[in-house]
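Peer 1: Please see the structure below; I have some questions.
The values are calculated or read from the model by the stated rules, or taken from the named source; none is laboratory data. Note that this is a predicted model, so its numbers are computed, not measured. Here Cβ is always computed from backbone atoms with ideal geometry, including for glycine, and neighbour counts include all displayed protein chains.
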Amino acid sequence: MDIQPLIEAMESGQDFERAAQIKRYMKTEMDTIGLTVGELRSATRDFVKTMRQQHNWNAQLSRQLVSELWSQFNWTMRQSAIEVLVYDIAYHKKDAAASLKYCEEVILPRLDGWALTDVLATKVLPFLVPNPQHLLTWLDNDSFWIRRCSLLAQFPQIRKMQADLDVHQQCVDHLIDDKEWFIQKAIGWSLRTIAYKQPEWVLSFVEDRPNMSTFAKKEALRRLQ
């Protein structure tokens, strides 16, 4: 699949100063074009719209486009790859098993950075995972970004009070002693999100876990104190 028109569209908005800021902020060695999120989203979606008009678009073709972008050692291209998955989520939901397998084999092993991880974990994976129990398979992964996904991939359900809290409890308990800052942040963030509608559950949960880090506990209870 020829992605050159998309690359050219993104490069037309190149901002070297912003690119340098993004590299510093994301602590990435990858090149970046320096687009705003809005600019990147617009360029990506315009390209996908054109592809849909030219092809009998489906999840397989979407995955091919994602692979072309994800294979680039470029932060902006990888952001665009995740944006394709988000924009095409209706197609991927119809082919969820194949798209989840694709994400686990192609995308997850090369995740690097919270900005890529969090969009994938909260806007793509929740609609592909067959049941919450599947999240438990990521808990012992060597990549802390994948472990972070196990904590974030129920966010749409959490916000609707439809999450499997037993599974989320297992995820938190398994990772509660994890030394990685991004894991502790995700523990606190997820519990704080639950606390919006189920504060008593979170208060009891935290109280029953004296070994929870001070940082995660503070994040979890921020809205309740």
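Peer 1: Of the conditions (1) of a type outside the set (S, T, N, Q); (2) touching a helix residue (DSSP H, G or I) at 6+ places or on another chain (Cβ under 7 Å); (3) outside any helix (DSSP H, G or I), Asp2 clears all except one; give me its number.
Peer 2: Failing condition for Asp2: (2).
Peer 1: While we're on this one: In the set Glu68, Glu11, Glu83, which member is of a type outside the set (Gly, Ala, Ser), touching a residue at least 12 places away in the same chain (Cβ under 8 Å) and within 16 Å of Val119 (Cβ to Cβ)? So that I can check it myself, show each step before the final result.
Peer 2: Values: Glu68 fails: within 16 Å of Val119 (Cβ to Cβ); Glu11 fails: within 16 Å of Val119 (Cβ to Cβ).
Of Glu68, Glu11, Glu83, the one residue that is of a type outside the set (Gly, Ala, Ser), touching a residue at least 12 places away in the same chain (Cβ under 8 Å) and within 16 Å of Val119 (Cβ to Cβ) is Glu83.
Peer 1: I need a count of the residues in the stretch 146-205 that are among the basic types (Lys, Arg) and either assigned to a helix (DSSP H, G or I) or in contact with a Pro (Cβ under 6 Å, 6 or more places away or on another chain) (or both).
Peer 2: 5
Peer 1: Related question: Pairs only if they're at least six apart or on different chains, beta carbon under 8 angstrom, first in the stretch 161-182 and within 16 Å of Trp145 (Cα to Cα), second surrounded by 15 or more Cβ atoms within 10 Å (Cβ to Cβ) and polar (S, T, N, Q); list them, first residue then second.
Peer 2: Pairs that qualify, where the first residue is within 16 Å of Trp145 (Cα to Cα) and the partner is surrounded by 15 or more Cβ atoms within 10 Å (Cβ to Cβ) and polar (S, T, N, Q), are Cys171/Ser150; Val172/Ser190; Leu175/Ser150; Ile176/Ser213; Asp178/Gln184.
Yes/no matrix, rows are residues, columns are (1) closer than 29 Å to Tyr87 by Cα; (2) assigned by TED's automatic domain parsing to the domain that holds Ser62:
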{"position": "Ala121", "(1), (2)": "yes, yes"}
{"position": "Leu139", "(1), (2)": "yes, no"}
{"position": "Ser143", "(1), (2)": "yes, no"}
{"position": "Ile146", "(1), (2)": "yes, no"}
{"position": "Ala163", "(1), (2)": "yes, no"}
{"position": "Gln169", "(1), (2)": "no, no"}
{"position": "Trp189", "(1), (2)": "yes, no"}
{"position": "Ile194", "(1), (2)": "yes, no"}
{"position": "Gln198", "(1), (2)": "no, no"}
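Peer 1: Here are some residues: Arg41, Arg45, Arg18. Which one is farther than 16 Å from Phe127 by Cα, within 16 Å of the chain's Cα centre (by Cα), basic (Lys, Arg) and buried (at least 16 other Cβ atoms within 10 Å of the Cβ)? Can you show your working first?
Peer 2: Details: Arg45 fails: within 16 Å of the chain's Cα centre (by Cα); Arg18 fails: within 16 Å of the chain's Cα centre (by Cα).
That would be Arg41, the only listed residue that is farther than 16 Å from Phe127 by Cα, within 16 Å of the chain's Cα centre (by Cα), basic (Lys, Arg) and buried (at least 16 other Cβ atoms within 10 Å of the Cβ).
Peer 1: Need the failing condition index for Val129 against (1) part of a helix (DSSP H, G or I); (2) crowded, with 18+ Cβ neighbours inside 10 Å, just the number.
Peer 2: Result: Val129 fails condition (1) only.
Peer 1: Now, a different point. Just to check your reading of the model, which residue among Lys197, Lys218, Lys185 is touching a residue at least 24 places away in the same chain (Cβ under 8 Å), in contact with an Asp or Glu (Cβ under 7 Å, 6 or more places away or on another chain) and not acidic (Asp, Glu)?
Peer 2: Values: Lys197 fails: in contact with an Asp or Glu (Cβ under 7 Å, 6 or more places away or on another chain); Lys218 fails: in contact with an Asp or Glu (Cβ under 7 Å, 6 or more places away or on another chain).
Lys185 is the lone residue from the list that is touching a residue at least 24 places away in the same chain (Cβ under 8 Å), in contact with an Asp or Glu (Cβ under 7 Å, 6 or more places away or on another chain) and not acidic (Asp, Glu).
Peer 1: Looking at Ile82, Ile33 in this structure, which one is crowded, with 18+ Cβ neighbours inside 10 Å, part of a helix (DSSP H, G or I) and of a type in the set (Val, Ile, Thr)?
Peer 2: Sole residue among the options that is crowded, with 18+ Cβ neighbours inside 10 Å, part of a helix (DSSP H, G or I) and of a type in the set (Val, Ile, Thr): Ile82.
Peer 1: So Glu29 ticks every box in (1) at pLDDT below 95; (2) in contact with a strand residue (DSSP E or B) (Cβ under 9 Å, 6 or more places away or on another chain); (3) of a type outside the set (Lys, Arg) but one. Which box is left unticked?
Peer 2: Evaluating Glu29 over (1) at pLDDT below 95; (2) in contact with a strand residue (DSSP E or B) (Cβ under 9 Å, 6 or more places away or on another chain); (3) of a type outside the set (Lys, Arg) leaves (2) as the failure.
Peer 1: Against the conditions (1) surrounded by 13 or more Cβ atoms within 10 Å (Cβ to Cβ); (2) more than 15 Å from Val124 (Cβ to Cβ); (3) at pLDDT 95 or above, where does Glu8 fall short? Just the number, please.
Peer 2: All conditions are met except number (1).
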